[in-house]
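Before any comments, here is the structure.
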Amino acid sequence: MSYHDEQESIEGLKAWWTQWGNATTWIVLVALVAAAGWNGWNFWQRRQAAEAAVLYDQVQQAVSAGDKAKVSRVAADMEDKFSGTAYAQMTALTAAKALYTTGDEAGAKAQLQWAIDHAKDDEFKQVAKLRLASLLLDEKAYDQGLALLSDPQSDAFKGVVADGRGDLLAAQGKRDDARTAYKLALDSLSKNDTSARQLIQFKLDALGG
């Protein structure tokens, strides 16, 4: 390249920079800040998951030891600090089962309600609804249980939700509605789910008609 051509290139670059330099600088800065923010977010997420995993392990140990107070305490810590992680919804279901086993039905219901309100995955929410509806059946709070099971989150739960509704309706004395629910449960469950189908058929036969 000749000296003249080089000077023209330099002048052209200066002119371009005068027109676009500031905008280019801001674009680069924004990209750098976005990249730093994304990396920071990922790091924060990984740290949250790691710390939540430690708490979840503590919950499991407390369950194994039958330490009801620790189960409640660690579950509360998990829900307060790491509610956005998958471990929080797992902890709520684990704690609910443990508390129910020790006779603390109120504590179990509170954990299940937390999972219904805060779980990130629909599957966990539906499991929590089914378990809470079962507790409400024991308490004869039939309408509350039916309200929980009014709309399954996915077709995978259609059969077990219909079965749960059948139990609540049968307990209310609504035999025709219960029969309809049990028949829907049978139609929805896999043919390979032999034990569940036999139990539902038994309940259906017990209704008569």
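At a glance:
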| item | result |
| --- | --- |
| Residue count, segment 160-207 (criterion: under 22 Å from Ala147 (Cβ atoms) and either polar (S, T, N, Q) or not assigned by TED's automatic domain parsing to the domain that holds Gln126 (or both)) | 3 |
| Gly103 over 26 Å from Lys68 (Cβ atoms), part of a loop (DSSP other than H, G, I, E, B) and at pLDDT 90 or above | no |
| Residue check, Ala75 within 20 Å of Phe157 (Cβ to Cβ) and surrounded by 23 or more Cβ atoms within 10 Å (Cβ to Cβ) | no |
| Filtered residues of segment 157-209 (kept if among the β-branched types (Val, Ile, Thr) and either buried (at least 19 other Cβ atoms within 10 Å of the Cβ) or within 17 Å of Lys140 (Cβ to Cβ) (or both)) | Val160, Val161, Ile200 |
| Extreme residue, modelled with the lowest pLDDT, among residues of segment 142-160 that are among the small types (Gly, Ala, Ser) and closer than 16 Å to Ala178 by Cα | Ser150 |
| Unmet requirement for Ala181, which otherwise passes all of (1) under 22 Å from the mean Cα position of the chain (by Cα); (2) modelled with pLDDT under 95; (3) assigned to a helix (DSSP H, G or I) | (1) |
| Single unsatisfied condition, Gln113 versus (1) crowded, with 21+ Cβ neighbours inside 10 Å; (2) within 26 Å of Gln61 (Cα to Cα); (3) modelled with pLDDT of 95 or more | (1) |
| Selection from segment 127-153 of residues that are in a helix (DSSP H, G or I), surrounded by fewer than 16 Cβ atoms within 10 Å (Cβ to Cβ) and either outside the structural domain of Asp177 (by TED's automatic domain parsing) or of a type in the set (D, E, K, R) (or both) | Asp138, Asp143 |
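The values are calculated or read from the model by the stated rules, or taken from the named source; none is laboratory data. A quick note: this is a predicted structure, and the numbers were derived from the prediction, not measured. Glycine also receives a Cβ, built like all others from the backbone with ideal geometry; neighbour counts cover every protein chain displayed.
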